[in-house]
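Scroll down for the structure; my scribbles are underneath it.
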Amino acid sequence: MSLIAQTDFAEYSGKVVDGRSNKTLESTSLNINETNISVITNSEGQFTLKVPSKYLDSKVVVSSLGYNTRVIPLSELSDKNNTIKLYRAVTQLSAVSISAYKNAENLIRKVFREKNKNVQNKTVFMTAFYRETIKRRSRNVSLTEAVVNILKHPHTSPQRDAIKLGKARKSTDYKRLDTLSVKLQGGPFSTIYLDVMKYPEYIFTDKTIASYNFSFNQPSTINNRNVFVVNFSPKNNGLNINYNGILYIDVQSLALVSASYTLDVSNKSKMKNLLVKKKPRDVIVYPLEANYRVDYKARGGKWYYSYSSLSLKFKVNKKRELFNKVYTLSSEMAVTDWEVNTTNRKIRNRDRLKPTVIITDAISGFSDPDFWGEYNLIEPDKSIESAIDKIKKSIEKQKEKEKIANGKP
């Protein structure tokens, strides 16, 4: 099912922090040097990195936007409680780089027009970790985790990316969802479609670029490479869907390194039921927030999809009910390994997830501390850890009830 089916591996865990303030650094990448094995830190800067034994003499490359990259031999890390400090980079662009693109819109047009030079132009087979949560107010009511395989086609191909579900576990507290069924349709597709280099139609096309204002911000650094930082916002709200955000462009290659953007939800009547696929007639859904992010990594002179996330916050109004309900639907997917598909590997039609998929419940995995084995994943933050603990306790209680019902002490 996966690219790496090793049973012999070492595990390293810890956190990544700002070297001066000790503030934890979210979405920091840890990559085994000269391989495609990687993980990212969670919202609390924590990570767990699983490394096959054949790479234990390697080094780990730790990089985060705006910070100097560190390269650390694995031999210098302990099994647990590592604290890796990164220090902010001072970014200085040459006069030539600054003067070459005085018009930010022209730069963005060039990024998308000439992406053939930068993005992967071969089919790749990826292993990724996917997590999806649904919260009512601040409480988790549904949690899904999965390892998936992605057959990722180049942007020049008319074929859509294919996804196969591997190991997965899910638990939903339907009582706390009340009578309203809140589901994030698409599962892993909800994150893979954020790959704007493969699917520009969801945000930037030749036509829609003209509907945005672009402006340069202070340049930054990632992985010891300088990046242009470009802000964008809608000119006149003429589009049905408008976004505000930031694009990070590699100065050398003009490749998109990262994009972070939000949906403009200020027009309440325009946004009503916009992001809802299906609902009861007596329900109105208003989006309160919609945040998106996508990251890319360079390897062999080409840039590959690496990570994406979305967070949607909704207010649900139901007739004849006094109080509104607020739900937050979040999902993220991180590529943990990949290889160019030189052997023409395929995902059979019967194994392919559909873009309309809603992953079914399978809570048994939460009781197994070694459920993920050698697979790399995004460490759960405290709220998710708490939800997993509750699921485990619920499973244990159910087992006790079954024992009593079967006449066993």
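The values are calculated or read from the model by the stated rules, or taken from the named source; none is laboratory data. Here the structure is a predicted model, which is why all the values come from computation and not from measurement. Using ideal geometry, Cβ is built from the backbone for each residue, glycine included, and neighbour counts are taken over all protein chains shown. Remember, those area values only see protein heavy atoms, side chains included, never the ligands or the DNA or RNA. Shrake-Rupley method; radii C 1.70, N 1.55, O 1.52, S 1.80 Å.
As a test of the definition: which semi-axes, in Å, follow for the chain when you take the square root of five times each eigenvalue of its alpha carbon gyration tensor? Largest first, please. Spell out each step's value before the answer.
Numbers: eigenvalues 234, 174, 86 Å².
Calculated on Cα positions only, the semi-axes equal 34, 29, 21 Å.
If r is the Cβ-Cβ distance from GLU76 to GLU374 and R0 is 22 Å, what FRET efficiency results, to the nearest 0.05?
Working: r = 22 Å, r/R0 = 1.01.
Result of the calculation: an efficiency of 0.50.
Roughly how many percent of the accessible protein surface of segment 231-371 is carbon and sulfur, given a 1.4 Å probe and a whole-percent answer? Don't jump to the answer; show the numbers that get you there.
Values: 3670 of 7650 Å².
That fraction is 48 percent.
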For VAL119, what residues show an amide H to amide H distance below 5 Å, using hydrogens built from the backbone and excluding near sequence neighbours? TRP303
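Which net charge results when you count Lys and Arg as +1 and Asp and Glu as -1 among the other residues whose beta-carbon is under 14 Å from that of ASN106? Numbers along the way, then the final one.
Details: positive: LYS102, ARG109, LYS110, ARG113; negative: GLU105, GLU114, ASP206.
Surrounding charge for ASN106 is +1.
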Calculated over segment 2-131: convex hull of Cα atoms, volume per residue (Å³): 170 Å³
How many angstrom lie between the Cα centre of segment 112-144 and the Cα centre of segment 15-94? 20 Å
Using the beta-carbon distance between TYR87 and ASN291 and R0 = 25 Å, what value does 1/(1 + (r/R0)^6) give for FRET efficiency, to the nearest 0.05? 0.35
If packing is taken as the mean number of other Cβ atoms within 10 Å per residue, what is the order of 309-316, 52-59, highest first? 309-316, 52-59
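Where only protein heavy atoms count, and the probe is 1.4 Å, what is the accessible area per residue for the chain in Å²? Let's see the in-between values first.
Working: 21050 Å² over 409 residues.
Accessible surface, normalised per residue, equals 51 Å².
Listed highest first by mean packing, meaning other Cβ atoms within 10 Å per residue, what order do 118-129, 194-205 come in? Please report the intermediate quantities before stating the final value.
Numbers: 118-129: 20.2, 194-205: 18.6.
The densest-packed peptide leads the list: 118-129, 194-205.
If you take every DSSP beta bridge whose two residues both sit in the chain, what share of them, in percent to the nearest 5, is antiparallel? Numbers along the way, then the final one.
On the way: 109 of 115 bridges.
Here the antiparallel bridges make up roughly 95 percent for the chain.
With r defined as the distance between the Cβ atoms of ASP57 and ARG345 and R0 fixed at 25 Å, what FRET efficiency is calculated, to the nearest 0.05?
On the way: r = 29 Å, r/R0 = 1.15.
Between ASP57 and ARG345 the formula returns 0.30.
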